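Chemist: Sharing a structure here in structure tokens format.
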């Protein structure tokens, strides 16, 4: 079981999500951004959360405010389950830079500190420029 101290709980959980990898699947309008990480080893792991921000380092975690606008995915999971050590942020607006972090949470509701940040310029659909522009006489 995790210690009741959030700092200690964060140190215990964060090791499992330190290697968050960013995978991008582009679309025509909004984009899906997928992530994967090493599964957590804690016996009381309940899942993972993924947060997005338009500003580097600025996230409101679920453990701080259950109405956080930054939470984009919550993945229920048990310990050592590699099938759920991944997640997707769907409908990411295109044409801007976004930043993501992941956390782990346990069965008592304690949440780890955020992982290191992953960032990406999310490209939008490209529209070809008009060709052969001429002045009409």
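All of the numbers you see were taken from the coordinates with simple rules; none came from a lab. Keep in mind the model is a prediction, meaning the values are calculated, not measured. Positions of Cβ are generated from backbone atoms using ideal geometry, with glycine treated the same way; all protein chains shown enter the neighbour counts.
Chemist: Show me the ranking of peptides 63-72, 45-54, 92-101 by mean Cβ neighbours inside 10 Å, starting with the highest.
Modeler: The most tightly packed comes first, giving 45-54, 92-101, 63-72.
Chemist: Based on the mean of other beta carbon atoms within 10 Å per residue, what is the order of 77-89, 104-116, most packed first?
Modeler: Most protected by this proxy first, the peptides run 104-116, 77-89.
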